[in-house]
Amino acid sequence: PGHLAPDAWITSAPENEDLQKCSVDFTLGRTTSQIQNCGSWVSDHRIFFGRCCVQCTPQKKMYLARRFLPLILVSLLVWTGCSGGSKDDSKNATPTSTPATSATPAPSSTPPSTPVSISTPTATTQTPAKLVAVIGDIRPNPAQANADVTFEGSGERGEIKSYRWSIQGSGAIAYSASFTSSSVTEKPGTYVITLEVQDANGLWSPKAERVLTVLPIPPKPDFTCPSRYGKAPFTVEFHGAASREVAIWAWDFGDGSSSDQQNPSHTYAKGGIYTVSLTTSNEGVSATETKPDLIGAVEVDYVTSIVRDYAPLEINFTNLSKGVTSGWKWDFGDGRTSSEKDPTHTYDNPGAYAVTLKVTVPTGEEFSTAEPIYIRVLSHVPAAEFSYGPTVGLYVPLRFTDLSTGDITSWSWNFGDGYTSSEQNPSHTYGSPGTYSVTLSVMGPLGSDYRQKSITIDN
């Protein structure tokens, strides 16, 4: 009591499946100077092989026949008889008779009732780190080959000393919490990305894993067309190209139509502005080129609030043109013009006025209405006027349009070939070539008037 017990170590306990004997090496020693001061060394020891106890040889080695047991637990038990006396450390000191209470007891085959120290071999293992590695994000994922990819990681449940990013089967690629690199995307494929974090004791966490998919570089498309604007219906020739081999061509012409040809031709039946796109695909990846407002199929048209009334006459014009967004030019037929989209114009004098609208597209081309709209500004006194068309020819019906103003109650036409009509807007066909004098006579409550024009009919 009051003294420390000696330490006992089993320095080796190897197993050998091929031999029927195994050797056990052990060391006996003291732990502190208190054992030396008490004048006592280890007084006895036992080695336990499973349930068997054997006293060791002075050479501290024991051989055990193991014929039947495949696994044996080896234990070493030592004790001391330290009683508190002192020991002469002189190597030449002659032993003298000492009281029994101070003598070192002889070894006994029976262990003492209370062992002083037991040392049992245990497997030496490294305590795993308590940290948990977390892969926050890998973007973009999937990524195209040679593209930059950003990796973001962190750790939980402790202080982080180091980071280690790896590609499974290829080794480490970075040692920071976050990084951006294109080295991972050099070749298409599927890669398992792992992250480990290290704590202050140098222990690494289990690996966090995330799959990164690297896609082949898609064929980048481009296309051209020789003409972008035309009067509807408008036919356009498209020419497709790509940065690498293409397996599939997919056109979207913007009007609900499509094509799978490389160089298609497409007709825009209705006026409008159309966005065209081309998608090229190969090896399961694709890319798209889109060109907004590329095609303008032009339709020039407008309506008026009124076409016939007495002077002064104010008229609102509404532009219905398609395929163009600017570049308006109105000609009201009385020497005045406007560049507004939807202008308002006042006619001060009686007469018939032909109104035309022209539009200019970004390429500088001009498009106009197919036929003018006639505005009739009336007065109370009749004033005869007419037009004819659109085609003049032999055996071709020719349409005559009354443009007279004033209060008119009757119309009388003389076509110059012996034929007449009392309709306001008649049609007439000439059966022989020649030049004919056409006369329109109008009559109203305040008077009458006539207008005469020459028409040449060719063979």
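The numbers here are math on the coordinates, done by the rules we state, and not lab data. Remember, predicted model here, so these are calculated numbers, not experimental data. Don't worry about glycine lacking a Cβ; one is built from the backbone with ideal geometry, like all the others, and counts go over all protein chains shown.
So here's what we get for this one:
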| quantity | calculated |
| --- | --- |
| Whole-Å semi-axes of the ellipsoid equivalent to segment 293-369 (Cα gyration tensor, √5λ, descending) | 26, 11, 9 |
| Segment 381-459: translational diffusion in µm²/s, Stokes-Einstein, Kirkwood Rh over Cα pairs, 4 °C, 1.567 mPa s | 102 µm²/s |
| Dipole magnitude of segment 166-251, debye to nearest 20 (Cβ charges: Lys/Arg +1, Asp/Glu -1, about Cα centre) | 360 debye |
| Ratio of Rg to Rh over segment 219-313 (Cα coordinates, Kirkwood Rh, two decimals) | 1.26 |
| LEU446-SER181 pseudo-label distance in nm [points 7 Å out on the Cα-to-Cβ vector] | 9.6 nm |
| Contour minus Cα-Cα distance for ALA172 and ASP407 (0.36 nm per residue) | 74.7 nm |
| Taking the C-alpha atoms of segment 232-388, convex hull volume expressed per residue in Å³ | 121 Å³ |
| Compactness index (Cα Rg / 2.2 N^0.38 Å), segment 415-459 | 1.32 |
| Contour minus Cα-Cα distance for THR420 and LYS161 (0.36 nm per residue) | 82.3 nm |
| Listed peptides 212-219, 434-441 by packing density, highest first (mean Cβ within 10 Å) | 212-219, 434-441 |
| Added length on full extension, which subtracts the Cα-Cα distance from 0.36 nm per residue, ALA241 to VAL396 | 50.7 nm |
| Electrostatic dipole magnitude of segment 153-215 [Cβ: Lys, Arg +1; Asp, Glu -1; Cα centre; debye, to 20] | 100 debye |
| Partner aspartates and glutamates for LYS161 [C-alpha distance under 15 Å; skip if fewer than 8 residues away on the same chain] | GLU196, ASP199 |
| Centroid-to-centroid separation of segment 369-387 and segment 231-296 [C-alpha atoms, Å] | 47 Å |
